[in-house]
1. With a bin width of 10 angstrom, please list the P(r) values of the stretch 25-77 as percents of all Cα-Cα pairs, from the 0 bin to the one holding the largest distance.
2. Express in nm, to one decimal, how much length is gained between Asp38 and Met69 on full extension, taking 0.36 nm for each residue of separation and deducting their alpha carbon distance.
3. Just to be sure I understand: of the beta bridges DSSP finds with both ends in the stretch 3-148, what percent are antiparallel, rounded to 5?
4. Between Ala60 and Ala108, 0.36 nm times their residue separation minus their Cα-Cα distance comes to what?
5. What is the helix-to-structure angle for 3-25, meaning the angle in degrees between its Cα long axis and the longest Cα principal axis of the chain, kept from 0 to 90 and rounded to the nearest 10?
6. Suppose the Debye formula is applied to equal point scatterers at every Cα of the chain; what is log10 I(q)/I(0) at q = 0.12, 0.20 Å⁻¹?
7. Taking the Cα centre of the stretch 10-76 as origin, sum charge times position over the Cβ atoms of Lys and Arg (+1) and Asp and Glu (-1), and report the length of that vector in debye to the nearest 20.
8. Give a residue-ordered list of calculated ³J(HN,Hα) values for the stretch 31-48 (Karplus: 6.51 cos²θ - 1.76 cosθ + 1.60, θ = phi - 60°; whole Hz; x for Gly, Pro).
Amino acid sequence: MTEEGISDLIELHVLCARYMSLCSQFVQDRWLEVFTPDAEYNAFGTAYTLERFPALLEAAPRGQFIGNMPVVDLDGDRATGQQHFIFVDQQTHAMRLGWYNDEYQRTADGWRIRRRSTTFMRKSGGFDSGRSHDPLADVEEEGSREISR
């Protein structure tokens, strides 16, 4: 591997570690900096664009994300990768196991996540993208019920 390739891998590993850290600490304003402006995050059967990310993070349970270094395939200014993770709920200590399938893009500001999709590992031995629902729709629906009261 070339020095540039090694440098790219290090930057991508730091990028994914930063994602985990910012999610765990709920640093909303900085969380967006790991994504490209046209990023898409797919979780729970729903695709989210960048403008919905802050609300998605706010609706998520508090807890700790722990991830391995992603396995990355470089292709010029683009790359793909897979990063396994464990999420531990802060209050119950219940765990979620899974992985992210990623597309990365080199930008003027360095590597960023362009697409991220989640696959969960189930106790049954199966894998899926999560219970098909939109956590933001749940929050928005709850807010409209309160306004109408």
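1. 18, 47, 31, 4
2. Working: separation 31, 0.36 × 31 = 11.16 nm, distance 2.39 nm.
That works out to 8.8 nm of additional length.
3. On the way: 38 of 42 bridges.
Bridges in the stretch 3-148 are about 90 percent antiparallel.
4. Details: separation 48, 0.36 × 48 = 17.28 nm, distance 3.03 nm.
Once the chain is fully extended between Ala60 and Ala108, it gains 14.2 nm.
5. The angle comes out at about 20 degrees.
6. Summing over Cα pairs of the chain leads to -0.53, -1.35.
7. On the way: 4 positive and 9 negative charges, 73 e Å.
The dipole magnitude comes to about 360 debye.
8. Each residue of the stretch 31-48 in turn: 4, 5, 5, 8, 10, 6, x, 9, 5, 9, 10, 10, 8, 6, x, 10, 8, 10 Hz.
Taken together, the values in this text are just the output of simple stated rules run on the coordinates, not laboratory data. Predicted model only: the values in this text are computed from it and were never measured. Counting neighbours? That spans all protein chains shown, and the Cβs are built from the backbone with ideal geometry, glycine included.
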